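Report on the following structure.
The values are calculated or read from the model by the stated rules, or taken from the named source; none is laboratory data. What you see is a predicted model, and the numbers here were worked out from it, not measured in a lab. Using ideal geometry, Cβ is built from the backbone for each residue, glycine included, and neighbour counts are taken over all protein chains shown. In case anyone asks, the SASA skips ligands and DNA or RNA and just uses the protein heavy atoms, side chains included. Shrake-Rupley method; radii C 1.70, N 1.55, O 1.52, S 1.80 Å.
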Amino acid sequence: TPDAVERERGTLRETLPKRPSIIVALFIAICTASATYLCYYASIGNDEATTWESLAVVAVITCLGALSAVAGIVYSSSSIHSISYGIAAFLAFIVSMARDGTLTIETVIPALKVVAAPLQVGILASSSITRSLLSILPSDLLLNSLSMVAGCVLPFLSILVVSTNTSDIPFDAASPTISALVSLTLLLLYHINRSHKNGSLTIDPGMNGITIATGLGILASIQVAIGTGSSAIIIPFLIGSLMAVLLAATFASVADVWYGVGSGQFQMISVDTAGIIFYFFLPFMVLLLRFVDRFGDGVSDVWNFMSQSVFGGIDITNNNAGMDPEQTLLSGMAILIGAVTLIGVPLLNAYAPLTAYLVSRAYTHGQPNRRRNAICVDFVDLFGPDSVLNEKSNMARFLADLNSASKEKPVLNVFCTGDDFRESHEIVQELVNAGHFVGITSKKGNSSAFAIKESYLDYCRTLGTKPTWYHVNGIDVQARQPSTLQMVSTCGMKVAFWSTLLNLDKNVTGILSISQEEALERDLRDKLGGSIIYVTGSRDPTILAQILCEIVRKVSDIKPSAVADDHFVFSALSDAVKDDASMNLS
């Protein structure tokens, strides 16, 4: 039976609820309340939309929207997000039709058409063939500054043009539009200023393709909903998703700026962030709404005058233009709000392992300014069944080359599956005897909680001690799901991600590319220690071995400061990654 995990300094594990589901439920409740109030505020003046019965239905719809976004974040999967979006949106239509007394087979069919695209994407994502086809899409098509700005500007301009040319609007578009713009601005700033610019946690190009397909599916769903006159359902649903992404991105971005180390410090920062929101942001919003109530008419007159000056010459209200102003406005606003979800969910999955921070002791980096870094590699990439390094002479030569590449003996962090322990236990023992660190990881395609427990037991049988670290591989999404991470925590292990990713899938020689060298040096000089460098993707163990030696050699030549004997060290994860390590602030 695994030993109980001792509490480290800087953790709130003993003061937070033992069931993370309580925190998730509270999070969804806050998102629902915020989204419902935003919908209410946007509907002031429409007596029918502000009755208690109508608001109750809106609350259910916004709750379903928040649930769909939270599912994609909690399970770190765009395919799950796509399926949850489709199911939740369909339920939102059912709830609305049941309230109106129009729930029939004839009315259900249009609802199915609205959710067909995201559901189809989610189903196709379960096939490896589909993922391989989608892998041809550019991996950075969605998460880049240009796409994020375009997703904000184009719908916003359509809203400005239409609102300038017509006053026949079903509700106030300003509040949802401003909320979407604020959310997209936060996501853009997070993307540009994130701490780990070379440490994306989503590696598999097939899954990146699913992310893009999910975004297209959501856009198609929005357009079908607006075209069928279902704006009163889809827009509150999207606002619920927006609030979930906005709140999650707030916690993630603040923790990224403060550069918390591990789950404990992330939880502490999140509590502080919640306090800031409660004591500063909410009072500011109350004052802003009171200001709008008192001076809103004057501000609106000034805004209308300015917008008329810019867009007044664009007339879309006549029949020759072939555009319905109301539908154009709703479509632009829905796409703007939906852009927050289709960009925010994959962005959070790529930059912040929020679920891991909640259910386990997870780390993307260690303490900065200590000059100690960890280089991590999967056992199967170095010592696979056909690897020449399995021969003792070749393995000894590789380890000798690795040691000679640095002034101070480097430690390699090698992560093994249960199969590796059973089939290559002699090599694993040899690595440990040579002073290198061995942890466990999951087999690609089999990262279930049961597989983790089996690997844990195989480690104990092979080395006679208990493992302390579990490394999340970059391909299998299941390795990041709550059940897997909870099993890791139950076994008393910490979870390691990475701050620097070196993907060698395109390296055909034993040297790094110029961009890889620049990324590695930039990350090391930026934080001066605590980097977790994950080297993966190589198809040739010999090339991987050469590149590992090159990495150690190049890093040993980097001078962190002007001090003569100052240098970087590659150490075991347990030494490079600590919550309470002493830190040199000079």
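Side notes on the structure shown:
- Among the residues of the stretch 220-245, those that are open to solvent by less than 20 Å² (accessible area, probe 1.4 Å), over 17 Å from Y37 (Cα atoms) and within 28 Å of the chain's Cα centre (by Cα) comprise S221, I222, A225.
- For the stretch 99-114, the criterion of being under 18 Å from T341 (Cβ atoms), out of contact with any Cys (no Cβ under 9 Å at 6 or more places or on another chain), in a helix (DSSP H, G or I) and not basic (K, R) is satisfied by at least one residue.
- When we screen T468, T441 for residues that are closer than 17 Å to M493 by Cα and either surrounded by fewer than 20 Cβ atoms within 10 Å (Cβ to Cβ) or hydrophobic (A, V, I, L, M, F, W, C) (or both), the only hit is T468.
Per-residue answers, yes or no, for (1) aromatic (F, W, Y); (2) in contact (Cβ under 8 Å) with a residue 24 or more places away in the chain; (3) at negative phi:
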residue	(1), (2), (3)
F437	yes, yes, yes
A451	no, yes, yes
Y459	yes, yes, yes
T462	no, yes, yes
A479	no, yes, yes
Q486	no, yes, yes
L528	no, yes, no
D540	no, no, yes
I543	no, yes, yes
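- Just one of the listed residues (E517, E521) is open to solvent by 70 Å² or more (accessible area, probe 1.4 Å) and closer than 17 Å to S200 by Cα, namely E521.
- Flag for N413 being modelled with pLDDT of 90 or more and open to solvent by less than 30 Å² (accessible area, probe 1.4 Å): yes
- Residue in the stretch 161-168 that is at pLDDT 75 or above, surrounded by fewer than 21 Cβ atoms within 10 Å (Cβ to Cβ) and not in a helix (DSSP H, G or I) present: no
- Filter pass, G492 being open to solvent by less than 50 Å² (accessible area, probe 1.4 Å) and at positive phi: yes
- Criterion violated by S76 - all others in (1) in a helix (DSSP H, G or I); (2) in contact (Cβ under 8 Å) with a residue 40 or more places away in the chain satisfied: (1)
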